[in-house]
Amino acid sequence: MSDVQISSGNKYFLKWIAAIRRGTGPLPLLVILMMALRPYASASVAPLSLQNAEAIALRQNPGLGALTQKIAELRHKAVAVAQLPDPHLALGAANLPLNSFSMNQQQMSMLSVGLSQTFPSFGKLGLEGQQAGIEAREATDTLRGQSAELVLLLRRAWLQALYTEDAVATVQHQEQLEAASVQAALALYRSAQGTQAEVLRAQLAHASLANDITRLQAEQASDLAQIAQILNLPEPPSIEKQWPNLPPPPTLAEVEARLSGQPLLRAAQAQTRAAQMGVQVAKTGYWPDVTVSVGYGQDFHPGSPNWLSAGVNLSLPLFPGDRQDQDVAAARAKALQAQYRYDDQHLALTQQARAAFARYESHKIQLERIDRQLLPTARNAFSATLAAYSAGRAGLNAVLRTQKDVLGYALARLQHRRDLGLYAAELDFLTTQGEMQP
């Protein structure tokens, strides 16, 4: 709830307090509650705008919340994998006699404590940390890309819901035109200039529009249900009836130039870099891991010294053909696979951008032609044909045909307007830019 609405509610509450202080008498509890909650009740039924719906979707969608936690996981992992393994503490008893378990019975019986630390092969930890950092940045780009996809999905459902809303109103207006045709057919029939068949046909054309309205209303309910799902709302919301002003797309050359910054494509590129870093990590397997250990022994036999021991252990990659070579080959194959996926996704987004831009321009031209020429001409043709039919100079078939043309062009106009917004939203998604990364 906005600060303005809250302050309005406080204003009503203060008025109620002032009324009590003035001694105007106690008010019924129901009236008091209505006065205090009136601004909040009016705010709760306000229609939802597309801008506010987008904010709600980005804030409440559980899929985006899960991906946000994935980013946090990878960032913590990037710190952890770059650390040395935990050192090992060793406690032991050496040369302990079993007959008495006495520590001073024999020389060399001792208690020992030792500490060892393993150092992975040179450069491995740093490379693994860099790889995990790249994976975290890839998840960040994926989050931004999926957020843009969610907004695109919301806009599609929103535009479709507005289309069905206006389509219902258009068909209802067509019902009025059909009613005029019915009245004209009845007038001619009563004057013995028309037939009963023409009246029935006109009535049938008028009645059949009810099915169209029912179908469109069902589609609108489905669109609102999808909006509720995207927004994670328990009930379909009431949305603004005004068509959103989506920004027009840039030129096709600018769209293609911006594709390299598209978050999903950047995520695919980050996957490629992470896989290439994996090759470097695999190559460190040719070098041995080093474990350094030191120990202290306490000898309890009289006159015996205490003992200090130190040592270095090395892993021996003696047979790289069956292990290290295979790991490096697998990492290289994974890197090539990631590169091919990036190239394929870049081609797919380029084709999608070109197709969306061409269709946007096509719907724009068709919408302008319908507004300028086709729909006005169809309406004039219907008016002229209806007047001619009323005067007995035209048949009912011509009237019904021109009525159908008016409805067809009116619905086509709404479809082009909807599709123009859909492709504008798609191009806006394709030109979404990810955050700058080092």
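Key figures for this structure:
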quantity: Helix 324-369 vs. the chain, principal-axis angle (Cα, 0 to 90°, nearest 10); calculated: 20
quantity: Taking all pairs of distinct alpha-carbon atoms in the range 83-131, Kirkwood radius in angstrom; calculated: 14.0
quantity: Where the Cα pairs of the range 42-163 fall when distances are cut into 10 Å bins, in %; calculated: 11, 21, 16, 14, 12, 10, 7, 5, 4, 1
quantity: Aspartates and glutamates with Cα under 20 Å of LYS334, excluding same-chain neighbours fewer than 8 positions away; calculated: GLU128, GLU135, GLU138, ASP322, ASP325, ASP343, ASP344
quantity: Residue-averaged 222 nm ellipticity for the chain, from DSSP H runs of 4+ at -39500 (n - 2.57), nearest 500; calculated: -24000 deg cm²/dmol
quantity: Under DSSP loop assignment and at most 16 Cβ neighbours within 10 Å, longest chymotrypsin sites (Phe, Trp or Tyr not before Pro)-free interval of the chain; calculated: 123-299
quantity: Degrees between helix 50-60 axis and first principal axis of the chain (Cα, 0 to 90, nearest 10); calculated: 30
quantity: Of all accessible heavy-atom area on the range 48-138, the percent that carbon and sulfur account for (1.4 Å); calculated: 58
quantity: Given charges at Cβ of Lys, Arg, Asp, Glu: the chain dipole, positive-most of LEU127, LEU50, GLN403; calculated: GLN403
quantity: Long-range HN-HN contacts of LEU48 with modeled amide H, under 5 Å; calculated: SER238, ILE239, GLU240
quantity: Only Lys, Arg (+1) and Asp, Glu (-1) charged, at Cβ; the chain dipole about Cα centre in debye; calculated: 1420
quantity: DSSP-assigned coil residues among trypsin sites (Lys or Arg not before Pro) in the range 342-438, each with at most 14 further Cβ atoms within 10 Å; calculated: ARG393
quantity: Accessible area (Å², per residue) of the chain, counting only protein heavy atoms and a probe of 1.4 Å; calculated: 58
quantity: Hydrodynamic radius by Kirkwood, which averages 1/r over all alpha carbon pairs of the range 334-386, in angstrom; calculated: 14.5
quantity: Separation of the SER362 and ALA228 label points, Cα + 7 Å toward Cβ, nm; calculated: 3.6
quantity: Two-decimal ratio, the chain, of alpha-carbon radius of gyration to 2.2 N^0.38 Å; calculated: 1.73
quantity: Orientation-averaged projected area, Cα convex hull of the range 260-387 (nm²); calculated: 18.1
quantity: Helix 196-231 axis, angle to the chain major axis (alpha carbon atoms, nearest 10°); calculated: 20
quantity: Segment ASP322-GLN193, length gained on full extension (0.36 nm per residue, minus Cα span); calculated: 36.6 nm
quantity: Debye, to nearest 20: dipole size of the range 259-325, +1 on Lys, Arg Cβ, -1 on Asp, Glu Cβ; calculated: 440
quantity: Charge dipole magnitude, Cβ of K and R +1, D and E -1 - the range 311-438, Cα centre, debye nearest 20; calculated: 1020
quantity: Average Cα contact separation per residue, the chain, under 8 Å, 6 or more apart, as relative contact order %; calculated: 22
quantity: The range 167-214 - Rg over Rh from alpha carbon coordinates, Kirkwood radius; calculated: 1.07
quantity: Along each principal axis, Cα extent of the range 111-254, largest first, Å; calculated: 123, 48, 25
quantity: Relative pair counts by distance (%), Cα atoms of the range 222-269, 5 Å bins; calculated: 5, 15, 12, 12, 12, 13, 20, 8, 1
quantity: Dipole of the chain, positive end: most advanced residue of SER112, TYR163, ALA310 [Cβ charges, Cα centre]; calculated: TYR163
quantity: Whole-Å semi-axes of the ellipsoid equivalent to the range 93-173 (Cα gyration tensor, √5λ, descending); calculated: 78, 20, 5
quantity: Two-decimal log10 I(q)/I(0) for the range 279-329, as the Debye equation yields it once each C-alpha is a single scatterer, q = 0.15, 0.21, 0.22, 0.25 Å⁻¹; calculated: -0.57, -0.78, -0.81, -0.91
quantity: Carbon plus sulfur fraction of accessible area for the range 249-288, probe 1.4 Å, in percent; calculated: 56
quantity: At most 12 other Cβ within 10 Å, DSSP loop - trypsin sites (Lys or Arg not before Pro), the range 55-126; calculated: none
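The values are calculated or read from the model by the stated rules, or taken from the named source; none is laboratory data. If you're wondering where the values come from, they're calculated on a predicted model, not measured in any experiment. Backbone-built Cβ (ideal geometry, glycine too); neighbour counts: all protein chains shown. Keep in mind that these areas ignore ligands, DNA and RNA; they rest on the heavy atoms of the full protein, side chains included. Shrake-Rupley method; radii C 1.70, N 1.55, O 1.52, S 1.80 Å.
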